[in-house]
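Taken together, the values in this text are just the output of simple stated rules run on the coordinates, not laboratory data. This one's a predicted model, so the numbers in the text were calculated from it and none came from an experiment. FYI the Cβ positions are ideal-geometry reconstructions off the backbone, even for glycines, and counts take in every protein chain you see.
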Amino acid sequence: MPGYHKSADAIASLSPEQYRVTQLNGTERPFENAFWNNKEPGIYVDVVSGEPLFASVDKFDSDCGWPSFTKPLEENVLENTDTSHGMIRTEVRSVHGDSHLGHVFPDGPPEAGGLRYCINSASLRFIPVEQLESEGYGAYRALFDRKKE
């Protein structure tokens with residue numbers, strides 16, 4: 001696996017919203033974010049480190065206003081207990097970038113394992129399937145080739 005990591009340059013290049021979400025554990029507004037309704041094939045990577053996080057083949061419409069996935073693409077997601085805002089939730093963070101991504105809930109599609117990874121678009125960069133090779137993620141192309149069969 002390539003050397004994904006959090007760097008000062010990557011942090012400095014974040015937009016104010018990306019910084020608030022990834023570094024200050026923020027949450028963006030539902031239905032007003034870049035990827036909640038994205039239906040294009042591709043993968044989603046950490047906006048800070050570039051580590052692969054989720055694939056469109058595991059994305060579903062949960063009607064919550066944020067991108068929702070049934071599972072991570074790789075083991076690049078950590079789970080932590082989050083007791084903020086008077087609730088007990090499971091926070092998800094990227095392993096190498098240490099970015100706050102969102103939360104995971106047990107109300108996803110039962111046939112796909114029952115989990116809903118509810119993720120902030122501001123923590124993600126989308127790589128369309130046509131750009132996987134040129135962006136250095138060519139190993140994930142097979143996910144989409146299998147989908148066509």
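For the reader, a short list of remarks on this structure follows.
- Point-to-point label distance, S15-R29, nm (Cα→Cβ direction, 7 Å offset): 1.3 nm
- Working note: Karplus 6.51/-1.76/1.60 with θ = phi - 60° gives the range 72-83 the couplings x, 6, 9, 8, 10, 10, 9, 10, 9, 6, 10, 10 Hz, where Gly and Pro are set to x.
- Across all directions, the average flat footprint of the convex hull enclosing the Cα atoms of the chain is 9.0 nm².
- Neighbour net charge for P109 - beta-carbon separation under 12 angstrom, K R +1, D E -1: -1
- Backbone amide hydrogens, once placed in the peptide plane, bring L14 within less than 5 Å of nothing, excluding anything fewer than 5 places away on its chain.
- Neighbour counting of Cβ atoms within 10 Å sorts the residues H85, H5, H96, H103, fewest neighbours leading, into H85, H5, H96, H103.
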